[in-house]
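K.L.:
A single structure is presented below for examination.
The values are calculated or read from the model by the stated rules, or taken from the named source; none is laboratory data. Predicted, not measured: the structure shown is a model, and the values here were computed from it. Cβ atoms come from the backbone with ideal geometry, glycine included; neighbour counts cover every protein chain shown.
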Amino acid sequence: MTRQTELASEALPPGEATELHELVEGAGLLGEAAPREAPPGHPDELSYEVIVEHEGRARTQRFTEQTLPESVRRLIASIDSRPERRQSIVRR
C-alpha cells in the first residue's frame, strides 16, 4: 500500500504558499534535471516519490529512506504538518 499526500499551494494563504515554494525550490525539485530514480531499496525500507507540479509541468523524483536529502525530508515534514493537505491510501 502507498500513502499519498497532496498539498496545493492555492489552498494556502499567500505568505505560506511562498514558504512552500521556497521549500520546493530549496529542495532542488524545480530544476530541469532528468527524473531521479531511486536505487533498489532494502526490504521494508520506505521509498518516496515526490511529484511537483509547477507552471504546467510535473517533475518526479524518487528516493529511498537512505537517499532522501535533508531538504526533501524537511519539505515532506512541512507538507505532512499542514491541515490543508489531502491524504489517501492507494493499493498498488
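K.L.:
Are any of the residues in the range 43-64 surrounded by 13 or more Cβ atoms within 10 Å (Cβ to Cβ), at pLDDT below 95 and part of a loop (DSSP other than H, G, I, E, B)?
P.N.:
no
K.L.:
Just give me the residues in the range 83-92 being touching a residue at least 12 places away in the same chain (Cβ under 8 Å) and loosely packed, with under 14 Cβ neighbours inside 10 Å, in sequence order. Walk me through how you get there before you give the answer.
P.N.:
Initial filter on the range 83-92 (touching a residue at least 12 places away in the same chain (Cβ under 8 Å)): 84-92.
Within the range 83-92, Arg86, Gln87, Ser88, Ile89, Val90, Arg91, Arg92 qualify.
K.L.:
Continuing with this model, one more query. Test Ala77 against the criterion of being surrounded by 12 or more Cβ atoms within 10 Å (Cβ to Cβ) and among the small types (Gly, Ala, Ser), and give yes or no.
P.N.:
In short, no.
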